[in-house]
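Rule-based calculations on the coordinates, nothing more; no lab input. What you are looking at is a predicted structure, and each value in this text was computed from that prediction instead of being measured. Note that we place each Cβ from the backbone using ideal geometry, even for glycine, and neighbour counts take in every protein chain shown.
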Amino acid sequence: MTRAIAREFFLECNRRMFRDTTPEALAKQFEILRGIRPADKVAMTFESIDNIRRLAKAGIRHRHPDWDEDRVRRAYARMILGRTLFNEVYAVGSATDES
């Protein structure tokens, strides 16, 4: 893929994702992001991952308010790992293995 094609693909993805963002605002956002140090970008990535993890666990808690934290953690692990790997890592027949 040439650089121009890759750039156009990237821009089209952004147009679809940021339909509520003006091109000027998006350009400014990219300008700011280009100025961020790589180490800070990595820190932002890990912060996003932590936020997604918390959001996923909050969703599990919302659907199962009676579950304790260990059961929520195992349900999250099963969601991330998939049934097969989860069953290899955790004992088969665990509290979250009913579905």
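Values for this structure:
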item	result
The chain - charge dipole about Cα centre, Lys and Arg +1 at Cβ, Asp and Glu -1, debye rounded to 20	280 debye
Kirkwood hydrodynamic radius of the chain, Cα pairs, Å	17.1 Å
Contour excess over end-to-end distance, with Cα ends at residue 54 and residue 6 and 0.36 nm allotted per residue	14.0 nm
For segment 70-81, Karplus couplings with θ = phi - 60° (6.51, -1.76, 1.60), whole Hz, Gly/Pro x	5, 5, 4, 4, 5, 5, 5, 4, 5, 5, 6, 7
Charge context of residue 21, other residues only, Cβ under 15 angstrom, K/R +1, D/E -1	0
Estimated [θ] at 222 nm from DSSP helical runs (n ≥ 4, -39500 (n - 2.57)) normalised by residues in the chain, nearest 500	-24000 deg cm²/dmol
Nitroxide proxy distance, nm - points 7 Å out along Cα→Cβ at residue 64 and residue 39	4.0 nm
Under the Karplus curve 6.51 cos²θ - 1.76 cosθ + 1.60, θ = phi - 60°, whole-Hz ³J(HN,Hα) for segment 20-30, x wherever Gly or Pro sits	8, 10, 5, x, 5, 5, 5, 4, 5, 4, 5
Tilt relative to the chain, helix 38-63 - C-alpha long axis, 0 to 90 degrees, to 10	40 degrees
In segment 9-71, the chymotrypsin sites (Phe, Trp or Tyr not before Pro) that fall in loop regions by DSSP, at most 14 other Cβ within 10 Å	18
